[in-house]
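S.K.: Take this structure, written in C-alpha cells, and hold onto it; I'll ask about it next.
The values are calculated or read from the model by the stated rules, or taken from the named source; none is laboratory data. Please read all numbers here as calculations on a predicted model, not as lab measurements. Please note: Cβ atoms are built from the backbone with ideal geometry, for glycine as well, and neighbour counts cover all protein chains shown. Heads up: the accessible areas ignore ligands, DNA and RNA and are worked out on the full protein's heavy atoms, side chains in. Shrake-Rupley method; radii C 1.70, N 1.55, O 1.52, S 1.80 Å.
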Amino acid sequence: LLIKNGEVCFQAACEYSFPNLDFQFGKPCLSLVLEESHELYAQLTNFAAFAVKSLGLKNGPSHVEIFVKESGELVFLEAACRTPGAIMVPIYQAQFDMNMIEMALDIECGLDIAEIVKNDSYCMGGIFPAKQGRVNKINKVNLQSEFELNLGCQVGDYYDGVDSVKNLSGSIVVKGKSYA
C-alpha cells in the first residue's frame, strides 16, 4: 500500500502460491492480485491499513504480509516500510499502469502523485527458484494469456541450490482479460 498524509492512496491484496519460506525448498513464489470482489480482499486491505497506520506510517510505501488460517482468522506476520519485493512492482505496473517505487518516492518527497486507475486486465507473476543441479532443458511456456518470461538460466548452467530469493532461475508476469 501507499500512504500519503496518513491516508491510503493505493492498496492491493495478493495471494501467494506458497509461503515465501518454501522458495528455499524449491517451490515458486507466485502472487495473484485479488479482485476487489474476492471474499478476502476487504478483510486483507482493511487489516493491512490498520496495521500500518497503527505502526505510525504517515507517508510512503508499506508491504504487509498476513497469514489466513483455515478458520479465516487473519494473522499479522510483518510490515516493512518499503515497496514489495521480487516481481510485485512489475505486476502492479502491468495491472495498474503505475510504478510503485516512483510513486513512493514522490510521496516521500512531498510531491503530488498521479491518479491510479486499474486497467481492464488481471495480473499475476512470480519468481522461480534455481534448484540444485544442472539445467538440461528449458521447457516452453504455453499460456493463453499475455506474459513476459525472464530467464536467468540457460542449458548447461549449474546451481548449488536455493538459500534465498536471490537464487532464482527466472521470473514471469502474466496479464489476461479473464481473472480465471
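S.K.: Which members of the stretch 41-58 meet the condition of being open to solvent by less than 80 Å² (accessible area, probe 1.4 Å) and touching a residue at least 24 places away in the same chain (Cβ under 8 Å)?
M.R.: Correct list: Y41, L44, T45, F47, A48, A49, A51, V52, L57.
Here's the yes/no breakdown for (1) small (G, A, S); (2) modelled with pLDDT under 95:
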position: Y16; (1), (2): no, yes
position: P19; (1), (2): no, yes
position: H38; (1), (2): no, yes
position: L44; (1), (2): no, no
position: A51; (1), (2): yes, no
position: V64; (1), (2): no, no
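S.K.: What is the residue count in the stretch 21-56 for residues that are closer than 16 Å to A80 by Cβ and touching a Cys at 6+ places or on another chain (Cβ under 6 Å)?
M.R.: So the answer is 1.
S.K.: Let me ask something else. When you scan the stretch 98-128, how many residues do you find that are open to solvent by 90 Å² or more (accessible area, probe 1.4 Å) and at pLDDT below 90?
M.R.: Adding up the residues that qualify gives 3.
S.K.: Within the stretch 76-95, how many residues turn out to be under 19 Å from V52 (Cβ atoms) and in a helix (DSSP H, G or I)?
M.R.: Start the filter on the stretch 76-95 by keeping residues that are under 19 Å from V52 (Cβ atoms), which leaves 76-85, 88-89, 92.
Imposing the further condition that a residue be in a helix (DSSP H, G or I) reduces the set to 88-89, 92.
So the answer is 3.
S.K.: For the stretch 113-125, state whether one or more residues are under 23 Å from A180 (Cα atoms), among the hydrophobic types (A, V, I, L, M, F, W, C) and out of contact with any helix residue (DSSP H, G or I) (no Cβ under 6 Å at 6 or more places or on another chain).
M.R.: Yes, the conditions are met somewhere in the stretch 113-125.
S.K.: Taking the stretch 25-40 only, how many residues are surrounded by 15 or more Cβ atoms within 10 Å (Cβ to Cβ) and in contact (Cβ under 8 Å) with a residue 60 or more places away in the chain?
M.R.: Here the count works out to 7.
S.K.: Out of K131, K137, K166, which single residue is touching a Ser or Thr at 6+ places or on another chain (Cβ under 9 Å), more than 23 Å from E15 (Cβ to Cβ) and open to solvent by 50 Å² or more (accessible area, probe 1.4 Å)? It would help to see each step written out before you state the result.
M.R.: Numbers: K137 fails: touching a Ser or Thr at 6+ places or on another chain (Cβ under 9 Å); K166 fails: touching a Ser or Thr at 6+ places or on another chain (Cβ under 9 Å).
Criteria check complete, one pass: K131.
S.K.: Follow-up. For the stretch 145-159, enumerate the residues that are surrounded by 10 or more Cβ atoms within 10 Å (Cβ to Cβ) and either of a type outside the set (S, T, Y) or part of a strand (DSSP E or B) (or both).
M.R.: E146, F147, E148, L149, N150, L151, G152, C153, D157, Y158, Y159
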